[in-house]
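The values are calculated or read from the model by the stated rules, or taken from the named source; none is laboratory data. Remember, predicted model here, so these are calculated numbers, not experimental data. Quick reminder, even Gly has a Cβ in these numbers, built from the backbone with ideal geometry, and neighbours come from all protein chains shown. Accessible surface is based on the protein model in full, side chains and every heavy atom, while ligands, DNA and RNA are left aside. Shrake-Rupley method; radii C 1.70, N 1.55, O 1.52, S 1.80 Å.
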Amino acid sequence: MIGAVLARIGRPVLAVLAGFGRVVLFALDTLRHLLTPPFYWREFWASLLQIGWFSLPVVGLTAFFTGGALALQIYSGGSRFSAEAVVPQIVAIGMARELGPVLGGLMVAARVASSIAAEIGTMKVTEQIDALVTLSTHPMKYLTVPRVLAATLAVPVLVAVGDSIGISGGWLVGITKLGFNSATYLKNTTDFLEFWDVGSGLVKGAVFGFIVALMGCYAGMNSGRGAQGVGAATKSAVVAASVLILAANYVLTGLFFSS
Amino acid sequence: MITLTDVHKAFGNNHVLRGLDLVIPKGESMVIIGGSGTGKSVLLKCILGLVHPDQGTITLEGQDVTRGDRDAFLARFGMLFQGGALFDSLRVWENVGFRLVRGSKPMNKDQAREVAIEKLRRVGLKPNVADLYPAELSGGMQKRVGLARAIAAEPEVIFFDEPTTGLDPIMSGVINTLIREIVLEMGVTAMTITHDMTSVRAIADRVAMLHDGLIRWTGPVADMDAAPDPYLQQFIHGRAEGPIESVR
Ligand SMILES: Nc1ncnc2c1ncn2[C@@H]1O[C@H](COP(=O)(O)OP(=O)(O)OP(=O)(O)O)[C@@H](O)[C@H]1O
Ligand SMILES: [Mg+2]
């Protein structure tokens, strides 16, 4: 009886651990191929455009509305103990440290992990990966390395842009709805914000970008057969990337700020 | 020469190859026939190392295919996949010239494009398809682009997985002639899978029939019609009645 219950719990736990192990091996393999030539520049620039540039609108909009909502929340929360004036500071720190990287990372996960997984998964089921191999081109070098590197470099930039837009969203709400003076709001923001508030968010962004592209490639490369296999791969890429982003965010926040 | 000895391959409970032995002499055209799902494509993939046999050895010119430099090994091969397997993010000419612009002696873009257009012409495609994407082509055109890609770098060994499926009779004739020419002129070793008996007769020096995970019959194409094997006779005459079950 107890044995059966333990087995029920143990089996999925083991499966998750085994899956995590395979992802770690895949990540190490990616790094190994990154460090050995050839490097496919054309694939890299195309990925950079796809992951960085085309994600700007969705990341920007997310940040804008989040910054605005954050200003409203802090104002109404702060008013309970007459601390309405901290709105600019808390919006800035909240965006730069947490919401910019996390929401940016999640939006990129939804947009990019899915499309990478679907693309590579389709290549797998239509034998394009096999064709690459027969043409003496390593799929890890040609497909995974450029995408992972592009995402690792592009997401911090997206986060930086998102931070600025989010803070602007808070500022706009602050001066139009909450009665702040524009110059005071901006001065409070810039005086208060420290370099590491923003820097830690950018480091998080790089880690999240790495996770997103890695999970997209991993799911695609291990896609099952047929359209159903590609569908399942896409779904698991987004789910795994999102959960890993949130977990990594907790770990990184602990590392950066718990002392 | 390619030699397969006692090759086994199973996917779960599905024992596809069950101790297969086959010799493909250098510079000859071998055609593999056999029912749908008997493992013909798997056989080609085993030789290329895309599928790993559970047991058995495969050698090319006496050298085990699993040992040695993989890139150098694969550079000697060209492969037309059953589904074409064209890269849909690349233009037709970039597909055909994929190997030409990479590898040990890469060509520049203009040269590669020129060679690609010449290869496209050989498979009966006009130069204006060169700048299209694979998704903009019909199924038969995609197949021929795959064929052009397989022959583009002039490899020593070429595998054709159903080169004429989905082509009209005239185009099939063109492709059969092309494969025959490549073998005769360039001394290529060719291995072709086909279900089309006209193609078999047009392309083959030797024929091998795969059934139940083993080579059921192999010999020169001239001996095929007179061979007494009932499985082979049922297959080449396309009879519903015979030792091969029609539900597989
Ligand atoms: N990657 C794979 N995973 C699981 N089973 C596979 C895989 N590849 C092939 N098979 C199975 O192996 C068997 C042989 O497949 P194969 O594609 O070699 O057939 P074939 O002889 O080429 O048939 P056809 O003439 O229809 O192309 C089939 O039963 C197929 O389901
Ligand atoms: Mg097949």
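Of all residues in the range B:36-66 being under 27 Å from B:MET186 (Cα atoms), assigned to a loop (DSSP other than H, G, I, E, B) and not aliphatic (A, V, I, L, M), which is nearest to ligand 2 (Cβ to nearest atom)?
Result: B:GLY49.
Being open to solvent by 50 Å² or more (accessible area, probe 1.4 Å) and away from chain B (no Cβ under 14 Å), is that true of even one residue in the range A:111-127?
Yes, the range A:111-127 contains at least one residue that is open to solvent by 50 Å² or more (accessible area, probe 1.4 Å) and away from chain B (no Cβ under 14 Å).
Of the residues in the range B:16-75, how many are within 14 Å of another protein chain (Cβ to nearest Cβ), basic (Lys, Arg) and under 14 Å from B:ILE193 (Cα atoms)?
Result for the range B:16-75: 1.
Does any residue of the range A:195-206 turn out to be under 23 Å from A:GLY19 (Cβ atoms) and open to solvent by less than 20 Å² (accessible area, probe 1.4 Å)?
No - not one qualifying residue is present in the range A:195-206.
Could you tell me whether any residue of the range B:117-140 is in contact with a strand residue (DSSP E or B) (Cβ under 6 Å, 6 or more places away or on another chain), within 25 Å of A:THR126 (Cα to Cα) and within 16 Å of ligand 1 (Cβ to nearest atom)?
The answer is no; no qualifying residue exists.
Taking the options B:SER41, B:SER89, name whichever one is hydroxyl-bearing (Ser, Thr, Tyr), open to solvent by 10 Å² or more (accessible area, probe 1.4 Å) and within 14 Å of ligand 1 (Cβ to nearest atom).
Numbers: B:SER89 fails: within 14 Å of ligand 1 (Cβ to nearest atom).
After applying the criteria, what remains is B:SER41.
Could you check B:ALA75 against (1) open to solvent by 30 Å² or more (accessible area, probe 1.4 Å); (2) within 20 Å of the chain's Cα centre (by Cα); (3) within 16 Å of ligand 1 (Cβ to nearest atom) and say which number it fails?
(3)
Kindly indicate whether any position in the range B:102-121 is within 9 Å of chain A (Cβ to nearest Cβ) and not in a helix (DSSP H, G or I).
yes
Looking at the range B:42-54, I want the residues that are closer than 14 Å to B:ILE32 by Cβ and small (Gly, Ala, Ser) and have a partner that is more than 13 Å from ligand 1 (Cβ to nearest atom) and outside any loop (DSSP other than H, G, I, E, B) with Cβ atoms under 9 Å, at least 6 apart or on another chain. Which pairs are those?
No pair meets every condition.
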